[in-house]
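Student: Take this structure first; my questions come after.
The values are calculated or read from the model by the stated rules, or taken from the named source; none is laboratory data. Computed from a prediction, not measured in an experiment: that's the story for all the values here. Virtual Cβ from ideal backbone geometry, glycine too; neighbours counted across all protein chains shown.
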Amino acid sequence: AQSVTQLGSHVSVSEGALVLLRCNYSSSVPPYLFWYVQYPNQGLQLLLKYTSAATLVKGINGFEAEFKKSETSFHLTKPSAHMSDAAEYFCAVSEIGGNQFYFGTGTSLTVIP
Amino acid sequence: GAVVSQHPSWVICKSGTSVKIECRSLDFQATTMFWYRQFPKQSLMLMATSNEGSKATYEQGVEKDKFLINHASLTLSTLTVTSAHPEDSSFYICSASPGLTDTQYFGPGTRLTVL
């Protein structure tokens, strides 16, 4: 089974600073990779996904993520944090040919004014 | 596009009663729907996977007689928590996928409080 590791359960950045949220997966075969954002008391909203096309994926709200096979990573970045980015972020992996998602434990992003 | 709704968004019930939660894909047909449970400050725990017209597949440790799932159509799945107890209080989130290996689109969640 897949496993997903999100390093750092809590990340704090200043408004306007770079956001970097880390995600590593365990599969030797590149899977499908996703980043979701969850605001308090809400469901998950898809930010972006990688499905074996371009390794640099651009998503909504200025976020992007780069798939690096050699590092089995799919880190999420945003050049300049905004107060509205404060939320919980989940990385997820789906095996090719399977329909189950494996979620990371989540990273809580705090943006300091 | 790809909107998933859940109803109700919040429900409070007495211990011993049953509660039904609906999950609908509003603008696409969902081959597969998933039900998750989320505890405060934690990740999502997959409870079961359901395909339209067939029995749900439950994850290990999830009581299928307590959490009844019905995927009656390509746009509707329901989760019924039977004989609810306070320990069933949680945030329940459904997701829907239009196809195998495709993206999961999540509903807004239902907060269940059992008194």
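Student: The conditions are (1) touching an Asp or Glu at 6+ places or on another chain (Cβ under 9 Å); (2) within 14 Å of another protein chain (Cβ to nearest Cβ), and A:Val93 fails exactly one of them. Which is it?
Tutor: (1)
Student: So, of the residues in segment B:31-47 that are in contact with a strand residue (DSSP E or B) (Cβ under 6 Å, 6 or more places away or on another chain) and either farther than 20 Å from B:Pro8 by Cβ or away from every other protein chain (no Cβ under 13 Å) (or both), which turns out to be surrounded by the most Cβ atoms within 10 Å (Cβ to Cβ)?
Tutor: Per the criteria, the residue is B:Thr32.
Student: Look through B:Ser5, B:Ser25, B:Ser54, B:Ser15 and report the one residue that is over 30 Å from A:Thr107 (Cβ atoms), at pLDDT 90 or above and either crowded, with 19+ Cβ neighbours inside 10 Å or out of contact with any Ser or Thr (no Cβ under 6 Å at 6 or more places or on another chain) (or both). Even if it seems obvious, please write down each step before you answer.
Tutor: Details: B:Ser5 fails: over 30 Å from A:Thr107 (Cβ atoms); B:Ser25 fails: over 30 Å from A:Thr107 (Cβ atoms); B:Ser54 fails: at pLDDT 90 or above.
Just a single option satisfies the conditions, and that option is B:Ser15.
Student: Give the residue, chosen from B:Val81, B:Val62, that is out of contact with any Gly (no Cβ under 6 Å at 6 or more places or on another chain) and buried (at least 18 other Cβ atoms within 10 Å of the Cβ).
Tutor: Numbers: B:Val62 fails: buried (at least 18 other Cβ atoms within 10 Å of the Cβ).
It is B:Val81.
Student: Within segment A:40-63, how many residues are buried (at least 17 other Cβ atoms within 10 Å of the Cβ) and outside any loop (DSSP other than H, G, I, E, B)?
Tutor: Summing the residues that are buried (at least 17 other Cβ atoms within 10 Å of the Cβ) and outside any loop (DSSP other than H, G, I, E, B) in segment A:40-63 gives 7.
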